[in-house]
1. Got the relative contact order for the range 311-366 handy, in percent, Cα pairs under 8 Å and 6 or more residues apart?
2. Listed highest first by mean packing, meaning other Cβ atoms within 10 Å per residue, what order do 350-359, 330-339, 290-299 come in?
3. Of 107, 300, how do they rank once you tally other Cβ atoms within 10 Å and put the fewest first?
4. With the Cα gyration tensor of the range 2-52 giving a ≥ b ≥ c as the square roots of its eigenvalues, does the rule (a/c under 1.5 for rounded; else a/b larger than b/c for prolate; else oblate) give rounded, prolate or oblate?
5. Rounded, prolate or oblate: pick one for the range 103-203, where a ≥ b ≥ c are the square roots of the eigenvalues of its C-alpha gyration tensor, a/c under 1.5 means rounded, and failing that, prolate if a/b is larger than b/c, else oblate.
6. Tell me the relative contact order for the range 2-353 as a rounded percent, counting alpha carbon contacts under 8 Å between residues six or more apart.
7. Counting other beta carbons within 10 Å of each residue's own, what order do 38, 320, 48 fall into, fewest first?
8. When the helices in the chain are scored as -39500 (n - 2.57) per DSSP H run of 4 or longer and the sum is shared across all residues, what 222 nm value do you end up with, to the nearest 500 deg cm²/dmol?
Ligand SMILES: Cc1cc2nc3c(=O)[nH]c(=O)nc-3n(C[C@H](O)[C@H](O)[C@H](O)COP(=O)(O)O)c2cc1C
């Protein structure tokens with residue numbers, strides 16, 4: 001592993017970082033999809049990167065994860081990497097965010113690096129092929145048994161979905177189609193995308209309530225999570241989480257990109273236009289702190305998926321100790337290399353006694369939406 005780490009950080013990364021980040025992202029997704037097609041390439045990659053220590057599987061909300069680290073939404077927008085990700089040490093892929101209609105995304109540059117600050121400036125604008133193309137793709141793709149597939153759903157980033165009702169129907173269209181085709185093991189409602197033009201912000205209580213009312217009326221038996229903003233105060237965060245709990249979602253992903261450019265370690269790396277949210281290190285402490293407070297305030301029943309700035313195995317353990325049940329990451333893999341997931345797996349195995357174990361599903365009685373066992 002040390003050799004692979006050195007090779008990535010000393011040789012491969014300096015070369016990759018000379019090229020446009022979105023180009024490299026596209027090359028990796030296409031390459032990953034190709035390598036995932038063949039047993040031989042999956043096996044070879046798995047020899048280096050797949051976690052191979054003591055059992056670290058974990059069952060959360062009735063879903064068994066081989067390893068508790070998943071790829072966060074935004075890397076595999078169209079579901080092209082599900083075959084290769086288990087070989088790179090991931091236990092889950094949160095695909096998307098997908099939208100009801102295809103989105104071309106925002107104008108470039110959609111992705112920039114702040115190298116010294118270990119951050120990316122993300123302004124993708126939900127570039128994806130839309131829910132229909134995704135469903136078609138999933139129908140044609142087999143997946144490794146036990147590999148978990150989450151689907152993140154967002155509002156289409158176009159002029160048709162700008163009004164509140166149109167926006168809500170947009171989310172509902174995607175969810176209904178996924179439910180009808182039985183695709184995805186869990187669903188995440190992305191209420192906090194900082195990169196879409198106009199339209200409602202569904203992290204506002206007045207928009208969030210009707211959205212969740214509509215989405216939770218769609219019947220299925222899969223866990224549903226909300227992707228939370230992190231650039232908000234604790235009272236604001238609490239107001240959103242209260243609504244999430246009230247409407248019977250299973251948990252929260254904490255969280256999305258950081259909108260606060262002061263959180264960059266080197267402020268002068270900020271792009272002049274300040275367009276986009278920050279991933280990576282600027283997300284680490286705010287998300288860990290929100291995980292801690294959420295666990296303390298809402299008790300054991302709410303599932304927390306910790307996400308944001310996991311650059312090392314120690315960052316991952318911090319999030320687990322703060323109360324996360326599962327983790328997701330993107331930027332740490334880009335800055336540190338693909339051995340990071342295996343390192344986290346090993347650290348998890350060593351520290352398991354200090355970390356929350358399996359988590360049963362939160363019980364919510366329908367249709368009153370009376371939450372049965374959640375601490376105040
Ligand atoms: C290129 C890129 C695209 C992203 N797109 C989405 C998205 O579509 N939906 C979403 O919920 N989060 C999206 N995110 C946010 C990530 O899921 C994650 O919350 C954030 O990057 C913090 O994790 P990290 O520091 O490990 O990257 C994106 C992040 C990146 C880097």
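A short reminder: the numbers here are calculations on the coordinates, not readings from a lab. If you're wondering where the values come from, they're calculated on a predicted model, not measured in any experiment. No Cβ is skipped: glycine too gets one built from the backbone with ideal geometry, and neighbour counts run over all protein chains shown.
1. Working: 41 pairs, mean separation 25.4, N = 56.
That works out to 45 percent.
2. Top to bottom by mean Cβ count within 10 Å: 330-339, 290-299, 350-359.
3. Working: 107 9, 300 15.
Fewest to most other Cβ atoms nearby, the residues stand as 107, 300.
4. Values: a/c = 3.21, a/b = 1.22, b/c = 2.63.
Oblate, because a/c is 1.5 or more while a/b does not exceed b/c.
5. Numbers: a/c = 2.01, a/b = 1.20, b/c = 1.67.
It is oblate, given that a/c is not under 1.5 and a/b is not larger than b/c.
6. Values: 724 pairs, mean separation 62.5, N = 352.
Relative contact order of the range 2-353: 18 percent.
7. On the way: 38 12, 320 23, 48 16.
Going from least to most buried by this count: 38, 48, 320.
8. On the way: 12 runs with 133 residues, N = 376.
Here the helix-only value at 222 nm equals -10500 deg cm²/dmol.
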